[in-house]
1. Need the full-extension length gain, residue 88 to residue 2, defined as separation in residues times 0.36 nm minus the C-alpha distance. One decimal, nm.
2. State, in angstrom, two size descriptors of the stretch 93-175 derived from its alpha carbons: Rg to one decimal place and Dmax to the nearest whole number.
3. Per DSSP helix of 4 or more residues, -39500 (n - 2.57); summed, then divided by the residues of the chain. What does that give at 222 nm, rounded to the nearest 500?
4. Take the Cβ-Cβ distance between residue 100 and residue 136 as r, set R0 to 35 Å, and report the resulting FRET efficiency rounded to the nearest 0.05.
5. Take residue 22 and residue 71, extend 7 Å from each Cα along the Cα→Cβ direction, and tell me the distance between the two endpoints in nm.
6. Output the relative contact order of the stretch 8-138, whole-number percent, from Cα pairs under 8 angstrom with separation of 6+ residues.
7. Considering only 44, 23, 7, whose Cα is most displaced toward the positive end of the charge dipole of the chain, charges sitting on Cβ of Lys, Arg (+1) and Asp, Glu (-1)?
8. Tell me the carbon and sulfur percent of the accessible area for the stretch 46-175, rounded to whole percent, probe radius 1.4 Å.
Amino acid sequence: MARHRRALGYWGVMLALYLSLWLGATLAPPPWLHATMLFAHLASIIIGLGAAVFLEYNGLLWMMRRRTLADLRHTERSVSPLAWLGIIGLFASGAFLQPNLEDPLTVIKMAAVLLVAMNGIAMTRLTEELARLPAHVPFATIPPRVRLWCVWSAVVSQAGWWTAVVIGMLNTAVR
Ligand code: HEM
């Protein structure tokens with residue numbers, strides 16, 4: 001069941017990005033709408049990136065034995081909806097900002113956006129795996145495969161978010 005939901009999630013993400021880019025190529029919003037959506041874009045970054053940084057920071061605290069796995073799971077349950085809210089907000093607002101897909105940097109940004117969202121879906125599998133471990137297990141004693149998986153997921157998430165943020169800023173700066 002969870003596998004099916006995840007498969008749906010991957011397809012949903014691809015469809016949402018496609019729709020957002022398609023709308024972006026079609027719509028020509030008036031300046032007031034563009035400005036409003038730029039504000040919504042920035043607010044969504046604060047919410048989405050903030051949630052991702054907070055979650056991965058708590059993962060780091062678990063690695064350093066400053067948090068238990070139970071604490072991390074609790075954090076994950078409360079911030080995941082915020083991360084998704086941010087991503088949905090970015091897809092929706094980006095559709096009104098006229099993305100220029102002829103610019104190679106924008107294409108890289110969209111690849112980073114896709115990576116962030118796909119990684120978010122893939123992380124639900126990691127969450128299930130962690131839920132099978134004892135609530136107070138230290139990071140250092142979990143199976144090496146799961147340890148690597150945790151680090152990899154966090155690195156992919158942060159690399160994807162920051163790539164998209166930096167390119168978004170660069171694109172605006174050179175306009
Ligand atoms: C993880 C997801 C995303 C992040 C972190 C992100 C980040 C950013 C940032 C930091 C800016 C610069 C805003 C400013 O300095 O004023 C920006 C602008 C922009 N973003 Fe995104 N973005 C994301 C997703 C998207 C998506 C999905 C689209 C379109 C489908 C999009 C289209 C645009 C466009 C067209 C601009 C330029 C706006 C302008 O200057 O008028 N972004 N983004």
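The values are calculated or read from the model by the stated rules, or taken from the named source; none is laboratory data. No experiment lies behind these values; they were computed from the predicted model shown. In this analysis, Cβ positions are derived from the backbone assuming ideal geometry, glycine residues included, and neighbour counts consider all displayed protein chains. Protein only, heavy atoms only, side chains kept; ligands, DNA and RNA dropped before computing areas. Shrake-Rupley method; radii C 1.70, N 1.55, O 1.52, S 1.80 Å.
1. Extending this stretch completely gives an extra 28.8 nm.
2. Radius of gyration, then largest Cα-Cα span, for the stretch 93-175: 17.0, 52 Å.
3. Here the helix-only value at 222 nm equals -29500 deg cm²/dmol.
4. That gives a FRET efficiency of 0.10.
5. Using points 7 Å along Cα→Cβ, the separation is 4.6 nm.
6. 41 percent
7. Final value for the positive-end residue is 7.
8. 71 percent
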